[in-house]
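Colleague: Dumping the structure here so I can ask a few things about it.
Readers should treat all values here as calculations from the given coordinates under stated rules, not as data from a laboratory. Because the structure is predicted, anything quoted here is derived from the model rather than measured. Glycine gets a Cβ as well: all are built from the backbone with ideal geometry, and neighbour counts include every protein chain shown.
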Amino acid sequence: MDEGETINGIPVTEEQIEAWAAEAERGYDMRALKKRGRGRPGRGAEASQVIALRLTPDEVAALDARAAAEHKTRSDLIRDALGKLTA
């Protein structure tokens, strides 16, 4: 094994690899793995789409100021504004 191998900055040892292999050979509880999931939780029944949005520094500052004043995230404010368009 390469001496420089790390995971999140922590060196990976031969002992750790052997422990992982032994765990895999014993088998995994698939119900537990499926419960864990990956990524952020969904917002509804359907998958959400990430949209890139370019803003000027002044627009970002205004958005952040409003978000702080309303105790919301940037995304929450943008979703609120879109909701008003579709209402």
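Colleague: Taking 7 Å along the Cα-to-C-beta vector as the label spot, tell me the Ala68-Arg31 distance in nanometres, rounded to one decimal.
Modeller: The two pseudo-label positions are separated by 4.8 nm.
Colleague: Determine ³J(HN,Hα), in whole Hz, for all residues of the range 76-87 in sequence, where each value follows from phi through the Karplus function 6.51 cos²θ - 1.76 cosθ + 1.60 and θ = phi - 60°; x replaces Gly and Pro.
Modeller: Computed from phi, the couplings for the range 76-87 are 4, 5, 5, 5, 4, 5, 5, x, 5, 6, 9, 7 Hz.
Colleague: Further, regarding this structure: Which residues does a label at Thr86 reach in the range 51-77, if reach means a backbone N under 17 Å from a point 7 Å past the Cα toward the Cβ?
Modeller: Answer for this model: 51-52, 75-77.
Colleague: Which distance in nm do the two modelled labels at Asn8 and Ala24 give, with both placed 7 Å along the Cα-to-Cβ direction?
Modeller: The two pseudo-label positions are separated by 2.0 nm.
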